[in-house]
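Visitor: Below you will find the structure I want to go over with you.
The values are calculated or read from the model by the stated rules, or taken from the named source; none is laboratory data. These figures come from a predicted structure and were not determined experimentally. Glycine also receives a Cβ, built like all others from the backbone with ideal geometry; neighbour counts cover every protein chain displayed. Keep in mind that these areas ignore ligands, DNA and RNA; they rest on the heavy atoms of the full protein, side chains included. Shrake-Rupley method; radii C 1.70, N 1.55, O 1.52, S 1.80 Å.
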Amino acid sequence: MGSNYISGAEIVIRCLHEEKVKFVFGYPGGAVLNIYDAVFQQNKFKHVLVRHEQAAVHAADAYSRSTGKVGVALVTSGPGATNAVTGIATAYMDSIPMVIISGQVPTYAIGQDAFQECDTVGITRPCVKHNFLVKDIKDIASTMKKAFYVAASGRPGPVLVDIPKDITAEKYEFSYPKTVHLRSYNPIIKGHSGQIKKALLLLLDAKRPMVYSGGGVVLGDASNQLTKFVRTLGSPITSTLMGLGGFPASDKQFLGMLGMHGTYEANMAMQECDVLLAVGARFDDRVIGNPEHFLSKPKTIIHIDIDPSSISKRVKIDVPIVGDVISVLTELNDLLSKEKIKQNASLKPWFKEIDQWRSTNCLNFKNDKKLIKPQFVIQTLHKITKGDAFITSDVGQHQMWAAQYYPFDKPRRWINSGGLGTMGVGLPYAMGTQLAHPDAKVACVTGEASIQMCIQELSTCKQFHLPIKIINLNNRYMGMVRQWQEFFYGNRYAESYMEALPDFVKLAESYGHVGMKIEKPSDVEPALKEAFSSKLKERLVFMDFITDQKENVFPMVPNGKGLSEMIIAEDL
Amino acid sequence: MRHIISLLMENESGALSRVSGLFSARGYNIESLTVAPTEDPTLSRMTIVTSGSDEIIEQIIKQLNKLIDVVKVLDLNDGRFIERELMIVKVKANAQYRDEMKRMCDIFRGRIIDVSDSSFTIEITGSSSKLDAYIESIDEAAILETVRTGASGIGRGDRILKV
């Protein structure tokens with residue numbers, strides 16, 4: 001054995017160094033003790049000890065969402081891996097590039113129902129982009145290289161590498177491959193030029209063009225290209241929940257978010273347009289509602305996506321363009337600069353119609369002197385942070401209000417679980433985001449139900465001095481569940497009431513943080529100002545806003561209905 | 001419509017469950033699925049018989065292509081192809097059935113591969129529909145046991161699925 005032979009555990013660590021990993025989020029256990037021993041003896045990345053494996057994966061996920069880099073989580077076998085599954089599925093649904101390393105029982109014990117054994121590769125198979133079980137120390141380095149490559153390329157996604165304990169103790173020579181080639185995996189980057197030209201001509205010819213952008217624009221770092229293209233084209237644009245920030249929300253061409261809780265103008269323009277350009281979006285049920293109703297108004301649909309299986313999945317596409325959004329948009333911009341087009345004078349009637357829809361002022365809400373309106377809290381948060389904070393959210397009404405009332409002008413500022421809709425992500429998302437951006441303002445918009453799903457992470461925040469500001473919109477209900485029960489279940493609030501809530505102020509304090517309880521509308525702004533003041537710059541502040549219990553999220557497209565069948569607040 | 005999909009994939013553990021898992025997770029039909037290594041031991045060839053509308057078949061092909069281990073996918077129904085399935089069937093061959101079973105075996109160009117006083121074991125190859133036709137042609141009461149491999153398919157002439 002040569003002197004350059006190192007243990008499998010050290011090989012894992014060296015691979016992470018080669019990938020220039022800055023943070024590993026994890027939790028130790030029997031099967032990963034060798035790896036943790038190697039973590040202990042290095043200082044090139046920081047290990048962030050969470051309090052539950054789910055949070056490790058969420059935090060690594062948010063690190064990726066807010067930076068564009070691959071997030072890394074490290075968990076042990078059995079319960080460590082099963083606890084990680086929710087986090088992995090969350091990242092998978094939103095196409096987040098991640099590498100999850102899980103320990104496994106020794107190779108000779110696999111299949112023997114050993115202590116803390118589970119079929120991790122089998123359990124995670126449906127919710128990863130790909131996974132590997134490494135059975136030979138010789139394969140660790142090449143597998144890690146493949147894992148990072150697969151996670152980050154094409155349509156990104158989480159990749160799991162399961163490593164049995166005995167492999168991490170053996171010794172082998174370390175050599176990290178410079179390149180990786182998989183004959184079975186060759187994502188298409190460049191779009192078809194003929195299709196791109198055809199798409200542009202259709203858009204220039206359109207009387208009622210519309211752009212619908214999704215999470216793919218954010219993931220593909222194509223915001224600048226999209227913004228340039230849409231501004232030159234002069235068309236209106238909307239964005240999905242996942243795409244917010246991909247086009248500046250303050251631009252007058254932006255119609256707000258679309259979908260179930262989208263704006264009236266965005267949904268109507270989607271329905272009434274004649275040529276629709278979808279960029280990195282996937283026409284999912286929360287976005288277009290009923291697909292038949294959506295297509296009942298004839299329109300020509302162009303779809304740019306890196307994943308061929310996203311095209312014509314729910315809606316038949318007329319002009320499919322498979323490719324990386326940044327590459328296709330760059331080509332569209334190049335073509336557009338060559339075309340001598342008039343500055344869309346013909347779009348005036350279209351915008352006139354849109355302005356009429358806009359005049360419904362669908363996000364208007366009535367402020368109250370006594371009760372704190374959740375929308376008002378978000379608006380004030382926007383004002384106090386000058387619209388420049390990273391906002392993470394949990395899932396439910398507060399998530400929709402954050403999306404509606406905190407306009408994002410930059411990508412990667414809005415961190416939430418769109419596809420899987422995982423309650424509990426908010427706090428670990430804020431952790432991953434704050435670690436990636438130590439000097440930035442990071443606010444976690446949550447509710448009293450969601451926050452309790454990962455509340456133990458307040459301890460992690462203390463350990464790593466994360467000055468997150470938690471905006472707890474406390475309405476003593478699982479708000480979105482209650483809203484559906486009010487609308488569709490005859491006000492029968494089955495199990496949606498949060499009884500026996502903790503005193504969040506004391507809870508925060510017991511973890512060593514600052515707690516505030518805000519009960520009056522007039523206290524909202526002063527409290528937020530204080531939380532974001534330089535005095536509390538270094539501290540986590542848990543702000544418990546006691547809000548109007550019965551406030552609902554509007555507009556709303558009821559499940560299974562069409563985009564133009566919205567309920568607007570005044571309708572009720 | 002019934003489609004026969006051929007695919008080449010990395011011959012690695014778990015590859016089969018990635019494909020079968022995809023079909024169950026997305027609610028696609030599998031009529032039959034066969035898999036075995038090819039002349040290149042690093043590759044497995046799989047034949048999947050499925051059915052669905054054109055849109056569903058298009059999605060199935062795309063989803064299969066998306067699996068990292070899948071090297072190539074071909075919908076054999078996009079061109080001319082040959083389909084074969086092997087069936088081994090054990091039938092009653094007592095005095096009442098013996099002549100009839102021999103005759104039906106000949107008609108379907110099967111071969112009797114095992115004989116006892118009371119039974120024949122017959123092998124028959126052909127398209128899945130030919131095998132169905134054989135089963136329908138003989139007296140149900142005479143069938144003791146059947147085992148089928150599921151269909152394998154290959155393109156005609158110059159249509160070649162290879163890496």
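Visitor: At least 3 residues that are open to solvent by less than 10 Å² (accessible area, probe 1.4 Å), closer than 29 Å to A:Phe25 by Cα and modelled with pLDDT of 95 or more in each: list the strands (runs of 3 or more DSSP E) lying fully within segment A:410-521 that qualify.
Guide: A:442-447, A:469-474
Visitor: What number of residues in segment A:522-561 are assigned to a strand (DSSP E or B) and touching a Pro at 6+ places or on another chain (Cβ under 7 Å)?
Guide: Counting residues in segment A:522-561 that are assigned to a strand (DSSP E or B) and touching a Pro at 6+ places or on another chain (Cβ under 7 Å) gives 1.
Visitor: Something else now. Please determine whether any residue of segment A:146-155 is farther than 28 Å from A:Gly426 by Cα and not in a helix (DSSP H, G or I).
Guide: No: segment A:146-155 contains no residue that is farther than 28 Å from A:Gly426 by Cα and not in a helix (DSSP H, G or I).
Visitor: To continue, here is another question. If the requirement is being within 14 Å of chain B (Cβ to nearest Cβ) and either surrounded by fewer than 24 Cβ atoms within 10 Å (Cβ to Cβ) or under 20 Å from A:Leu226 (Cβ atoms) (or both), which of these qualifies: A:Phe283, A:Phe294?
Guide: Residue meeting the stated conditions: A:Phe283.
Visitor: I'm trying to understand the selection: among the residues of segment A:308-337, which are of a type in the set (D, E, K, R) and within 22 Å of A:Asn224 (Cβ to Cβ)?
Guide: A:Asp324, A:Glu331, A:Asp334 - these are the residues of segment A:308-337 that are of a type in the set (D, E, K, R) and within 22 Å of A:Asn224 (Cβ to Cβ).
Visitor: OK, next. Under 7 Å by Cβ, and 6 or more places apart or on different chains, what pairs join a residue from segment A:162-190 that is free of Cβ contacts under 8 Å to residues at least 60 places away in the same chain with one that is surrounded by 17 or more Cβ atoms within 10 Å (Cβ to Cβ) and of a type outside the set (A, V, I, L, M, F, W, C)?
Guide: That search, which allows pairs on different chains as well, returns A:Pro177/A:Lys145; A:Val180/A:Lys145; A:Val180/A:Lys146; A:Val180/A:Tyr149; A:Leu182/A:Lys146; A:Ser184/B:Glu10; A:Ser184/B:Asp69.
Visitor: Do we have any residue at all in segment A:47-61 that's more than 26 Å from the chain's Cα centre (by Cα) and aliphatic (A, V, I, L, M)?
Guide: No, because not a single residue in segment A:47-61 is more than 26 Å from the chain's Cα centre (by Cα) and aliphatic (A, V, I, L, M).
Visitor: Could you list, in sequence order, all residues of segment A:309-342 that are assigned to a loop (DSSP other than H, G, I, E, B), without any contact (Cβ under 8 Å) to a residue 60 or more places away in the chain and either crowded, with 21+ Cβ neighbours inside 10 Å or within 14 Å of another protein chain (Cβ to nearest Cβ) (or both)?
Guide: Scanning segment A:309-342 gives A:Ile311, A:Ser312, A:Lys313, A:Arg314, A:Val315, A:Lys316, A:Ile317.
Visitor: Considering only strands (runs of 3 or more DSSP E) fully contained in segment A:7-121, which possess at least 2 residues that are buried (at least 17 other Cβ atoms within 10 Å of the Cβ) and touching a Leu at 6+ places or on another chain (Cβ under 6 Å)?
Guide: Ranges flagged: A:23-26, A:98-104.
Visitor: Something else about it: Considering every residue within segment B:76-89, establish whether at least one is surrounded by 14 or more Cβ atoms within 10 Å (Cβ to Cβ), more than 10 Å from every other protein chain (Cβ to nearest Cβ) and assigned to a loop (DSSP other than H, G, I, E, B).
Guide: No, there is no match, as no residue in segment B:76-89 is surrounded by 14 or more Cβ atoms within 10 Å (Cβ to Cβ), more than 10 Å from every other protein chain (Cβ to nearest Cβ) and assigned to a loop (DSSP other than H, G, I, E, B).
Visitor: For segment B:111-163, name all the residues that are of a type in the set (Val, Ile, Thr) and part of a strand (DSSP E or B).
Guide: B:Ile112, B:Ile113, B:Val115, B:Thr121, B:Ile122, B:Ile124, B:Thr125, B:Ile143, B:Thr146, B:Val147, B:Ile154, listed by residue number.
Visitor: Check whether at least one residue in segment A:523-546 is in contact (Cβ under 8 Å) with a residue 40 or more places away in the chain and in contact with a Cys (Cβ under 7 Å, 6 or more places away or on another chain), and report yes or no.
Guide: Within segment A:523-546, one or more residues are in contact (Cβ under 8 Å) with a residue 40 or more places away in the chain and in contact with a Cys (Cβ under 7 Å, 6 or more places away or on another chain).
Visitor: Would you call A:Glu265 modelled with pLDDT of 95 or more, of a type in the set (D, E, K, R) and touching a helix residue (DSSP H, G or I) at 6+ places or on another chain (Cβ under 7 Å)?
Guide: Against the criterion (modelled with pLDDT of 95 or more, of a type in the set (D, E, K, R) and touching a helix residue (DSSP H, G or I) at 6+ places or on another chain (Cβ under 7 Å)), A:Glu265 qualifies.
Visitor: Next question. Which residues, counting only those in segment B:12-39, are open to solvent by 50 Å² or more (accessible area, probe 1.4 Å) and either out of contact with any strand residue (DSSP E or B) (no Cβ under 9 Å at 6 or more places or on another chain) or under 15 Å from B:Ile68 (Cα atoms) (or both)?
Guide: Selection gives B:Glu12, B:Ser13, B:Leu16, B:Ser24, B:Ala25, B:Arg26, B:Gly27, B:Glu39.
Visitor: Let me ask another. Which of the residues that make up segment B:44-57 are within 27 Å of A:Tyr149 (Cα to Cα) and either within 8 Å of another protein chain (Cβ to nearest Cβ) or touching a Ser or Thr at 6+ places or on another chain (Cβ under 6 Å) (or both)?
Guide: B:Arg45
Visitor: Next question. All but one of (1) over 21 Å from the mean Cα position of the chain (by Cα); (2) at the interface with chain A (Cβ under 10 Å from one of its Cβ atoms) hold for B:Pro41, so report the exception by its number.
Guide: Only one criterion in (1) over 21 Å from the mean Cα position of the chain (by Cα); (2) at the interface with chain A (Cβ under 10 Å from one of its Cβ atoms) is unmet by B:Pro41, namely (2).
Visitor: If you go through segment A:191-209, how many residues are within 28 Å of the chain's Cα centre (by Cα) and more than 14 Å from A:Ile304 (Cα to Cα)?
Guide: Residues meeting the conditions: 1.
Visitor: Sticking with this one: Kindly indicate whether B:Ile122 is over 18 Å from B:Ile48 (Cα atoms) and either over 21 Å from the mean Cα position of the chain (by Cα) or open to solvent by less than 60 Å² (accessible area, probe 1.4 Å) (or both).
Guide: Against the criterion (over 18 Å from B:Ile48 (Cα atoms) and either over 21 Å from the mean Cα position of the chain (by Cα) or open to solvent by less than 60 Å² (accessible area, probe 1.4 Å) (or both)), B:Ile122 qualifies.
Visitor: Taking the condition of being among the β-branched types (Val, Ile, Thr) and within 13 Å of chain A (Cβ to nearest Cβ), how many residues in segment B:18-32 meet it?
Guide: Residues that pass the stated criteria total 1.
Visitor: Here is a follow-up. Given the conditions (1) modelled with pLDDT under 95; (2) within 13 Å of chain B (Cβ to nearest Cβ), which single one is not true for A:Val159?
Guide: Unmet condition: (1).
Visitor: Right, next: Please give the number of the condition A:Ser142 fails out of (1) out of contact with any helix residue (DSSP H, G or I) (no Cβ under 9 Å at 6 or more places or on another chain); (2) surrounded by 18 or more Cβ atoms within 10 Å (Cβ to Cβ); (3) more than 13 Å from chain B (Cβ to nearest Cβ).
Guide: For A:Ser142, the failing item is (2).
Visitor: Kindly evaluate A:Thr240 against the criterion of being out of contact with any Phe, Trp or Tyr (no Cβ under 7 Å at 6 or more places or on another chain) and either within 14 Å of chain B (Cβ to nearest Cβ) or closer than 30 Å to A:Phe554 by Cβ (or both).
Guide: Yes.
Visitor: List every residue pair whose Cβ atoms lie under 6 Å apart, where the two residues are 6 or more positions apart in sequence or sit on different chains, the first residue falls within segment B:74-88 and is over 19 Å from B:Val35 (Cβ atoms), and the second residue, located anywhere, is charged (D, E, K, R) and not in a strand (DSSP E or B).
Guide: Filtered contacts from segment B:74-88: B:Gly79/B:Arg159; B:Arg80/B:Arg156.
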